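Chemist: Take a look at the following structure, please.
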């Protein structure tokens, strides 16, 4: 049985899940979404297709949403989606269903997995090894269950009972409509140009390498966030900087960072 999993991962949570699923289903091929974003159309001939991606606040990442829109699924008979998150409710599966409906397809199954947060803003605290181990244990048990669902092509649209970070339902519904508008507007007025590298920066270029949108460019051994390139807001630059020098002004200066312990900077780079 040939399975294609298209994944998007900024700091390794979703990549780890995709790799673990591949171990459980050896016939699985992992395909990074970022590598295909410049294509007008992406054709898959696999009968089973899956999407693995993180939840951004309460929504599907815009690059993932745009990718699914251009994916030709005529040969596909079974589709599944796995979302990694910190525990927030979300509208990702509903949004995917709307896209698939226009293609005459639907989600056969979908799953949400709670994992450690990679968002170092506000009162962020780096998860301890014990906390990560506890989350990982649940994830691995869930993946054993998910594996069987996928292999047997079963329908499984389970109710989300693992919400640990409540968000008003109205906000969850509005975010997919608001996000495409707020990001370009914020960049236009300069609010999203508050990424910068502080005095700890050594000019190593890691942030440029892991930047999935190619927004960061090293100039005179300093990272520059180019205004004419859209940011994916994946936080790879924040979390993989070896000196924790990349900052979001007034939000991250005093906080630690979290890349997934089994996902290296090179793993993130290979998505491009």
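The values are calculated or read from the model by the stated rules, or taken from the named source; none is laboratory data. Remember, it's a predicted structure, so these values are computed and weren't measured experimentally. Here the Cβ is made from the backbone with ideal geometry for all residues, glycine too, and neighbour counts use every protein chain on show.
Chemist: Would a scan of segment 230-243 turn up a residue that is free of Cβ contacts under 8 Å to residues at least 60 places away in the same chain, surrounded by fewer than 16 Cβ atoms within 10 Å (Cβ to Cβ) and over 23 Å from residue 31 (Cβ atoms)?
Modeler: Yes: segment 230-243 contains one or more residues that are free of Cβ contacts under 8 Å to residues at least 60 places away in the same chain, surrounded by fewer than 16 Cβ atoms within 10 Å (Cβ to Cβ) and over 23 Å from residue 31 (Cβ atoms).
Chemist: Looking at (1) buried (at least 19 other Cβ atoms within 10 Å of the Cβ); (2) out of contact with any helix residue (DSSP H, G or I) (no Cβ under 8 Å at 6 or more places or on another chain); (3) in a helix (DSSP H, G or I), find the lone condition where residue 46 falls short.
Modeler: (3)
Chemist: Sort out which residues of segment 141-163 are outside any loop (DSSP other than H, G, I, E, B), surrounded by 12 or more Cβ atoms within 10 Å (Cβ to Cβ) and touching a residue at least 40 places away in the same chain (Cβ under 8 Å), and write them in order of number.
Modeler: Hits for segment 141-163 are 143, 146, 147, 149, 150, 151, 156, 157.
Chemist: May I ask you to list the residues in segment 74-113 that are surrounded by fewer than 19 Cβ atoms within 10 Å (Cβ to Cβ) and under 13 Å from the mean Cα position of the chain (by Cα)?
Modeler: 86 - this is the single residue of segment 74-113 that is surrounded by fewer than 19 Cβ atoms within 10 Å (Cβ to Cβ) and under 13 Å from the mean Cα position of the chain (by Cα).
Chemist: May I ask you to list the residues in segment 235-254 that are over 14 Å from residue 200 (Cβ atoms) and assigned to a loop (DSSP other than H, G, I, E, B)?
Modeler: 235, 249, 250, 251 - these are the residues of segment 235-254 that are over 14 Å from residue 200 (Cβ atoms) and assigned to a loop (DSSP other than H, G, I, E, B).
Chemist: Contact list please: Cβ distance under 7 Å, first residue in segment 93-106 and modelled with pLDDT of 95 or more, second residue in a helix (DSSP H, G or I), pairs at least six apart or on different chains.
Modeler: 96/68; 99/68; 99/69; 106/97; 106/100
Chemist: Okay, next question. Quick test of your reading of the structure: residue 146 fulfils all but one of (1) under 17 Å from residue 8 (Cβ atoms); (2) modelled with pLDDT of 95 or more. Name the failing condition by number.
Modeler: Checking residue 146 against (1) under 17 Å from residue 8 (Cβ atoms); (2) modelled with pLDDT of 95 or more, the one that fails is (1).
Chemist: Looking at segment 216-233 only, could you name the residues that are closer than 19 Å to residue 259 by Cβ and either part of a helix (DSSP H, G or I) or modelled with pLDDT of 95 or more (or both)?
Modeler: 216, 223
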